[in-house]
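The numbers here are math on the coordinates, done by the rules we state, and not lab data. The shown structure was predicted, so the numbers you read here are calculated from the model rather than taken from an experiment. Here Cβ is always computed from backbone atoms with ideal geometry, including for glycine, and neighbour counts include all displayed protein chains.
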Amino acid sequence: YDGAPAVAGFLTGYQTMDLLASLTFGIVIATNVRALGVSAPRDVTRAVCGAGVIAGVLMMAVYGGLCVVGYELSADLATVTNGAVVITASASAHFGVAGTAIVAAIFLLACLNVCIGLISCCGSYFADELPRVSYRACALAFAVFSCAVSNLGLDAIISFSATLLGALYPPAIVLVAMGLLRRRCDAVPAVWPWTVGVTVAVSVAEALRDALAPALALPLDALPLADMGLGWVLPALLAAALSSALSVLLRRRHARA
């Protein structure tokens, strides 16, 4: 945070899993919008974008408040290992026992909200993909597994998930960015598998190295931004450019033939 606070905040933001969840929740929101009578694709997109803007503004306000809390308590709580301790300490310092109870209620409601959405979405998906397994069984399996993992403690979960999120987040970012440019990307279909595939290969290789052999040097370390944890950016851009150019050349050859 001292040397590159913006990059550190960006990478630490992986732990919120907001982007990964949005890939699933976006389907739920779009489905609910259609259920309210909005049928035209453009109107659905407009409604979802409006909801996203409102949610984004509110989340900026919340995270801005958390930044203030962290700044005010940075000296007193310099050795804590996660933000939950900071929030709890702040609430207790300002409101005593009542503050601790309020924070606990907030955590409960916030996590319960997300858990219900994730378990429902994942249960529905796997019930469709595995017809022999009922939705109730899938949802129950996810609930039991999540309950067991949650008892390992926040520090252990963050430590375990950091590697997994380091592999998953770059492809998710690329998918979202390409989704925003869907018309242009669809004009050159090869750009989708190549760009996402290269990003997956780079992010998985770096995540495995960080998890199994942190001292191991990889050729990927020579890439620009690799020292900041963003070594996948240039390969993704190159894959997009090269696959687009190749698609255009092949299209022209077929047109001449």
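Considering only C-alpha atoms, what is the centroid distance from the range 88-107 to the range 188-257, in Å?
Using only Cα atoms, the two centres lie 46 Å from each other.
Local charge sum around A89 (other residues, Cβ-Cβ under 11 Å, Lys/Arg +1, Asp/Glu -1)?
With Lys, Arg at +1 and Asp, Glu at -1, the net is -2.
Suppose every Lys and Arg Cβ carries +1 and every Asp and Glu Cβ carries -1, with no other charges. What dipole size does the chain come out with about its Cα centre, to the nearest 20 debye? Intermediate results must be reported in sequence, preceding the final value.
Numbers: 13 positive and 13 negative charges, 306 e Å.
So the dipole magnitude of the chain works out to roughly 1460 debye.
Quickly estimate the mean residue ellipticity at 222 nm for the chain, helices only: each DSSP H run with n ≥ 4 gives -39500 (n - 2.57), and the total goes over all residues, rounded to 500.
Computed mean residue ellipticity for the chain: -26500 deg cm²/dmol.
For the range 154-209, what relative contact order do you get, as a whole percent, if you take Cα pairs closer than 8 Å and at least 6 residues apart?
Result for the range 154-209 is 53 percent.
Would you be so kind as to identify all helices of the chain, as entire DSSP H runs, whose Cα atoms reach 27 Å or more along the helix's own axis and whose mean Kyte-Doolittle hydropathy is at least -0.5?
In the chain, the long hydrophobic H runs are 41-72, 97-129, 154-180, 191-212, 233-256.
Of L237, F107, T45, which is farthest towards the positive pole of the chain's charge dipole, taken about the Cα centre with +1 and -1 on the beta-carbons of Lys, Arg and Asp, Glu respectively?
Highest projection toward the positive end goes to T45.
Note the listed values [x] 1.01; [y] 1.18; [z] 0.92, then indicate which one is Rg/Rh (Cα atoms, Kirkwood Rh) calculated from this particular structure.
[x]
Using only the alpha carbons of the range 153-257, determine the length spanned along each of the three principal axes and report them from longest to shortest in whole angstroms.
The Cα atoms of the range 153-257 stretch 60, 28, 18 Å along their principal axes.
With +1 on each Lys and Arg Cβ and -1 on each Asp and Glu Cβ, how big is the dipole of the range 135-257 about its Cα centre, in debye rounded to the nearest 20?
In total the dipole reaches around 960 debye.
If a/c stays under 1.5 just call it rounded; otherwise compare a/b with b/c (prolate if a/b is bigger, oblate if not). Do that for the range 1-73, with a ≥ b ≥ c from the square roots of the Cα gyration tensor eigenvalues. Display every interim value, and only then the final one.
Numbers: a/c = 3.38, a/b = 2.45, b/c = 1.38.
Here the range 1-73 falls in the prolate category.
For the chain, what relative contact order do you get, as a whole percent, if you take Cα pairs closer than 8 Å and at least 6 residues apart?
Rounded, it is 16 percent for the chain.
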